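The values are calculated or read from the model by the stated rules, or taken from the named source; none is laboratory data. Every value quoted in this text rests on a predicted model; they were computed, and no experiment measured them. Every residue, glycine as well, gets a Cβ built from its backbone with ideal geometry; the counts of neighbours run over all protein chains shown.
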Amino acid sequence: MSKAIVKFFRSVPVKSLRAYFEAYPCDVVLTVDWDDAPKNIVKFLRRALSGILPEDFAKLQENAERINEMTDEIGQTALLSVVPDAELEAHRACKNAHDRALRIFLTDKNLFRRAEEIRHTDRYRKGRMWSAFVGPKNVTVSTASEDMAQFEAKILACFRAGQRIKVDIFDRTKPYGEDQDLALVQVVAYHERLPESYPALDEANDVISKVYRPAHEIALTYEPESGSIEVIANDRECRPEIAKLFAETLLQTEIEGQKFPLKQYDIAKLLRPFDFPTDPQDGIQSVKVTMLRLTPYDSQNKVTLDASAREPRTLYALAQEWFNAHDPLRTGFALSGVRIAVKFAPDHKDPRGKTVTFKIGYPNSCDLKDKTEKERLIGEKYLRRWGLIKDV
């Protein structure tokens, strides 16, 4: 049995697990004693599913993977954003993250799919598949049928592959700052790609080639307050064109495809020890510099000082011990990169505590995402408080 199914069985409360198999029945679970102890039910299911029909097993595998994916913090935030107000009380009454995800999965497939689209977009923000562009501020996104048809036609022409496309557009929010949300409009386009094939066995047990047309996903978000247009797509070269097509057809505004200005970082102060002040209510136990990348003023070469986050001594004390009078932190070197580890105390979301580690490179590189509440706290509150972000 796959790890995804085992995790699904162990994490979903028995009452909800029973509801799942009522929605997706299969013969081998008809004899389950749902009044038995949960651990016995899980054991029975694991044994019984060895005889499940291949098509039933494939569906269970697919559903378990989809539900498991929505149980991390990004997925839970996405699910909460699509729950209707009338369902909030029932959503909050669920036993755990798996229970919440499964409830929406069983009651409204369209809402669950929308939450998956939101999670996909937020997961890849500020990563290799992401680019942000300057757009107009406070423009209403058109949903008129003629404008949508024009957008779809231009996306298909841009990729020059399949002839079919499905576009979904909806309002959403994303967490920002302390207990704040930013309004967004999200557009998701699934366009047909060129045919592909894979080997399969037919009814006569002969090897045949099955042909299918994969659907490629593109996601955009438009933030009216800032005018930012963000594009999630595999092909970096196509992202400016997608942003332009979106602005031209659905915002009805011409843009140049200029990238959204990156934040500017100032890390020079970290050549010396820094105390990283924090507020007690934020639950930060410690902040530690664990890597410094140094560049001589008269050279393009680099030297890196790196220490374990568990090392009791500071990196500055280690550099003094290692190099003594030739300590590069004291003379002749500029700081071009730094790694910082922020350790949080245990809480209800992370019972063992959590350490967020990120790198900043001078002048505008930072791999700190804003996927989780703790990452947003660091990025939106503390980097500025610590003077590591320049006001541009």
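Given the structure, is Arg113 out of contact with any His (no Cβ under 8 Å at 6 or more places or on another chain), outside the structural domain of Pro13 (by TED's automatic domain parsing) and without any contact (Cβ under 8 Å) to a residue 12 or more places away in the chain? Spell out the reasoning first.
Working: out of contact with any His (no Cβ under 8 Å at 6 or more places or on another chain): yes; outside the structural domain of Pro13 (by TED's automatic domain parsing): yes; without any contact (Cβ under 8 Å) to a residue 12 or more places away in the chain: yes.
So Arg113 fits the description; yes.
Could you identify the single residue in Val29, Val82 that is surrounded by 15 or more Cβ atoms within 10 Å (Cβ to Cβ), over 28 Å from Ile118 (Cβ atoms) and in contact with a Leu (Cβ under 7 Å, 6 or more places away or on another chain)?
Values: Val82 fails: over 28 Å from Ile118 (Cβ atoms).
Only one candidate passes the filter, namely Val29.
Taking segment 63-95 only, how many residues are part of a loop (DSSP other than H, G, I, E, B) and within 20 Å of the chain's Cα centre (by Cα)? Full working, then the answer.
Filtering segment 63-95 down to residues part of a loop (DSSP other than H, G, I, E, B) leaves 70-72, 83-84, 93-95.
Those left that are additionally within 20 Å of the chain's Cα centre (by Cα): 70-72, 83.
Residues that pass the stated criteria total 4.
Within segment 146-170, residues that are within 24 Å of Glu237 (Cβ to Cβ) reach partners that are surrounded by 14 or more Cβ atoms within 10 Å (Cβ to Cβ) and acidic (Asp, Glu) with beta carbons closer than 7 Å, at six or more positions or on different chains, in the pairs Cys158/Glu241; Ala161/Glu192; Gly162/Glu192; Gln163/Glu192; Arg164/Glu192; Ile165/Glu152; Ile165/Glu192; Val167/Glu152.
Please verify whether segment 145-164 includes one or more residues that are at pLDDT 95 or above, of a type in the set (Val, Ile, Thr) and crowded, with 16+ Cβ neighbours inside 10 Å. The answer is no, given that none of the residues of segment 145-164 is at pLDDT 95 or above, of a type in the set (Val, Ile, Thr) and crowded, with 16+ Cβ neighbours inside 10 Å.
Restricting to segment 327-349, and then to whatever is among the hydrophobic types (A, V, I, L, M, F, W, C) and within 14 Å of Asn301 (Cβ to Cβ), can you tell me which residue is surrounded by the fewest Cβ atoms within 10 Å (Cβ to Cβ)? Reasoning before the result, please.
Residues of segment 327-349 that are among the hydrophobic types (A, V, I, L, M, F, W, C), as a first pass: 329, 333-335, 338, 340-342, 344-345.
After this cut, where a residue has to be within 14 Å of Asn301 (Cβ to Cβ) as well, the list is 333-334.
Details: Phe333: 19, Ala334: 13.
Filtering segment 327-349 for residues that are among the hydrophobic types (A, V, I, L, M, F, W, C) and within 14 Å of Asn301 (Cβ to Cβ), the one surrounded by the fewest Cβ atoms within 10 Å (Cβ to Cβ) comes out as Ala334.
I'd like the residue in segment 112-152 that is outside any helix (DSSP H, G or I) and of a type in the set (S, T, N, Q) and, out of all such residues, is nearest to Glu65 (Cα to Cα). This residue is Ser131.
For segment 276-335, a tally of residues being among the hydroxyl-bearing types (Ser, Thr, Tyr) and part of a loop (DSSP other than H, G, I, E, B) returns 6.
Select from segment 165-187 the residues that are polar (S, T, N, Q) and surrounded by fewer than 18 Cβ atoms within 10 Å (Cβ to Cβ) and list them in ascending order. Outline the logic, then answer.
Step one: filter segment 165-187 for residues polar (S, T, N, Q), giving 173, 180, 186.
Thr173, Gln180 - these are the residues of segment 165-187 that are polar (S, T, N, Q) and surrounded by fewer than 18 Cβ atoms within 10 Å (Cβ to Cβ).
Taken together, Thr290, Thr304, Thr295 contain a single residue that is of a type in the set (Ser, Thr, Tyr), touching an Asp or Glu at 6+ places or on another chain (Cβ under 9 Å) and either at pLDDT below 85 or closer than 21 Å to Ser365 by Cα (or both), which is Thr290.
Check whether at least one residue in segment 207-214 is hydroxyl-bearing (Ser, Thr, Tyr) and free of Cβ contacts under 8 Å to residues at least 60 places away in the same chain, and report yes or no.
Initial filter on segment 207-214 (hydroxyl-bearing (Ser, Thr, Tyr)): 209, 212.
Now drop any that are not free of Cβ contacts under 8 Å to residues at least 60 places away in the same chain, which leaves 209, 212.
The answer is yes; a qualifying residue exists.
The set of residues from segment 279-292 being touching a residue at least 60 places away in the same chain (Cβ under 8 Å) and crowded, with 19+ Cβ neighbours inside 10 Å comprises Ile284, Thr290.
Taking into account only those residues within segment 260-278 that are touching a helix residue (DSSP H, G or I) at 6+ places or on another chain (Cβ under 8 Å) and exposed (fewer than 13 other Cβ atoms within 10 Å of the Cβ), which is modelled with the lowest pLDDT? Going through the qualifying residues, I end up with Arg272. I need the full set of residues from segment 341-369 which are in contact with a strand residue (DSSP E or B) (Cβ under 7 Å, 6 or more places away or on another chain), among the small types (Gly, Ala, Ser) and on the phi < 0 side of the Ramachandran plot, in order please. Listed by number, the residues that qualify are Ala341, Ala345, Gly361. Scanning segment 343-381 for residues that are of a type outside the set (S, T, N, Q) and farther than 26 Å from Ile118 by Cβ yields a total of 11.
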